[in-house]
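K.L.:
Input: one structure, supplied below.
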């Protein structure tokens, strides 16, 4: 499969949100990536159900909802009702991870687990067969526009090895510091979905930037 592009709306213009939604609809992007922050798991607060519902109303592409919140199992049905198609929870935020993943699937969404930069890949060994996607954070979560952490390449290779050994179809997503200058290496290392926020929304021509990211081909 060709890699997917998921622009992160954390970097969008919230004063002109509908325009940015329409821009993504017209572009070669595949998903809308929505970061939900509670001010506790990460040192920032973003947006909640009303904004997700608004984006869903106008979007023509799946909503990839990334929960950076403690105890996400409390709100699984609410995120489904707001329009989430893919729901990602953090390994570090779940007491009963397997149960949370099953709850996501029981509510008709694809299920993913995110790992912070310091969290080792081997912790996924007993859960990865139940996942549709693994999200590797390539910055410390909480704010857009941060510098990419180079050790992410090693972690991508480790996840890819785990997926191959277990003969799975689990996808690999990377979020944080993704830009034109490192996207090709990320794809070559094994990434299936690129989340790009500042690189897209802060560019002079977001549609062209998405086109360039989408057009990259692995070696």
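K.L.:
How many percent of DSSP beta bridges within segment 1-101 run antiparallel, rounded to 5?
P.N.:
Just about 10 percent of them are antiparallel.
K.L.:
What is the spread of the Cα atoms of segment 173-219 along each of their three principal axes, largest first, in whole Å?
P.N.:
28, 19, 15
K.L.:
For the chain, with a Gaussian network of springs between Cα atoms less than 10 Å apart, report the residue from 179, 114, 84 with the top mean-square fluctuation.
P.N.:
179
K.L.:
Let me ask you something else. Using 0.36 nm times the number of residues separating residue 123 and residue 165, minus their current alpha carbon distance, what extension gain do you get?
P.N.:
Computed gain between residue 123 and residue 165 is 13.6 nm.
K.L.:
As a test, work out the antiparallel percent of DSSP beta bridges whose residues both lie in the chain, rounded to the nearest 5.
P.N.:
Given both bridge residues lie in the chain, the antiparallel proportion sits at roughly 5 percent.
K.L.:
Sticking with this one: If you average the sequence gap of Cα pairs under 8 Å that are 6 or more apart and divide by the length of the chain, what percent do you get for the contact order?
P.N.:
This gives 21 percent for the chain.
K.L.:
Could you grab the Rg to Rh ratio for segment 1-91? Cα atoms only, Kirkwood for Rh.
P.N.:
0.95
Here, each number is a calculation from the coordinates, and none is a lab measurement. Quantities reported herein were computed from a predicted structural model and do not represent experimental measurements.
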